[in-house]
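For reference, the structure discussed in these notes is given below.
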Amino acid sequence: MSTKENSTEEKKKSKMLPIVLLSIVVVGGFFGVRAYIFGMHHIETDDAQLEANISPVLPRISGYVNDIRFEDNQRVKKGELLIALDDRDLKIKVDQAKVAIENATAMVQVAKANLNSARASAEAVKANTEAVNVRIRKATQDYNRYEKMLADKSVTQQQFDAVKAEKESAEAQLDLVKKQEEAAEVQANAMAEQVNVAQTAIKQKQSDLDYANLQLSYATITAPQNGVVSRKNVQPGQFVQAGQPLFTVVNDSDVWVVANFKETQVSAMKIGTDVDIVLDAFKNKTVKAYIASFSPATGARFSLLPPDNATGNFVKVVQRVPVKIRMKADKETQQLLRPGLSVNVTVNIDEMSDKKQ
């Protein structure tokens, strides 16, 4: 190649370099300006993920597993039977509680019969008292009459002494029957108390029966909510302890987004503002949503060891505020949502300004 040709090629390269640099600057400036304008009208964060109600299922009693009626990732309905524990001993306790109620009921009947008997005895004693009072009245009248007759010498001393003895005997008998009447009243009151105690025993035995039935109901473990079963950790014949995690139920029909925005961004957002959600798992899938609520504290405040600036080791860090976002997803999209998936969140500030106007 001649020197002239080399010189021509170098001139062409020298002319292309400014064009390439200018193109890069123009393209970079275009995207930079577009990003700046977009940032002026939108708030974005990729510190967000899907959340849902995840209910761990734990048995309330200990026992052996008789039957398991689900598999991992199976959809279940609230109240559906999932695990049955061995309940034979619990049924025996229920039967024992029923028998105890029958015995307590019988004791009430016995106590009532004793009470009726005591009251009948008290009435008999009262009737006897009335009879003695009649006898005393007659004896007193005879005594007064014979006393006058004795003064007139109309009766003998022997006759008067007999009437007097009759009067004193009646008075003594009255004292006796009064004591018997008091004893009969005390006995009737005691029998009434026994009836109350027996009736209270029935209530106690009924409580025991209710408790036994409650314990028996715990032998059947049901789904706490609609959703999908996951993390199965139980096998047939296994002995499980009360409070031992067996599985979880994920309510995938109610999924929301928790986005952690910077504290400098939250002031520009309001409840009800429309939001665009893009799931990392589905790059081209955009879901419409809206801001539902704001956390009352920053995420750091809810951490296991929240920072304490009073110690003196203070380094100012931009805090994040969790924001709950509800999605307006159709059924097809709803089935694709899984708690824990990462998402990108975009809030349109202009749309919020239009709402204010």
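What follows draws every value from the coordinates through simple rules; no lab data is involved. Fair warning: this is a prediction, and the values are worked out from it, not measured in the lab. Heads up, the Cβs are rebuilt from the backbone with ideal geometry, glycines too, and the neighbour counts pull from every protein chain shown.
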**OP:** Count the net charge of all other residues whose Cβ sits under 9 Å from the Cβ of F261, scoring Lys and Arg as +1 and Asp and Glu as -1.
**Re:** 0
Original post:
Which value, to two decimals, describes the C-alpha radius of gyration of region 242-333 once divided by 2.2 N^0.38 Å?
Top reply: 1.42
Subject >> Using a Förster distance of 22 Å, the FRET efficiency for V110-Q215 (Cβ separation, nearest 0.05) >> reply: 0.10
Original post:
Size of the dipole of region 182-273 about the Cα centre, Lys and Arg at +1 and Asp and Glu at -1 on the beta carbon, nothing else charged, in debye to 20?
Top reply: 740 debye
Original post:
In nm, to one decimal, how far is the L304 label point from the Q141 one, both placed 7 Å along Cα→Cβ?
Top reply: 10.3 nm
Subject >> Gain upon complete extension [Q199, N233; 0.36 nm per residue less C-alpha separation] >> reply: 7.5 nm
Original post:
What is the calculated FRET efficiency for K91 to V315, with r their C-beta to C-beta distance and R₀ = 45 Å, to the nearest 0.05?
Top reply: 0.10
Subject >> At R0 = 51 Å, FRET efficiency that the Cβ-Cβ distance of K283 and S62 yields, to 0.05 >> reply: 0.55
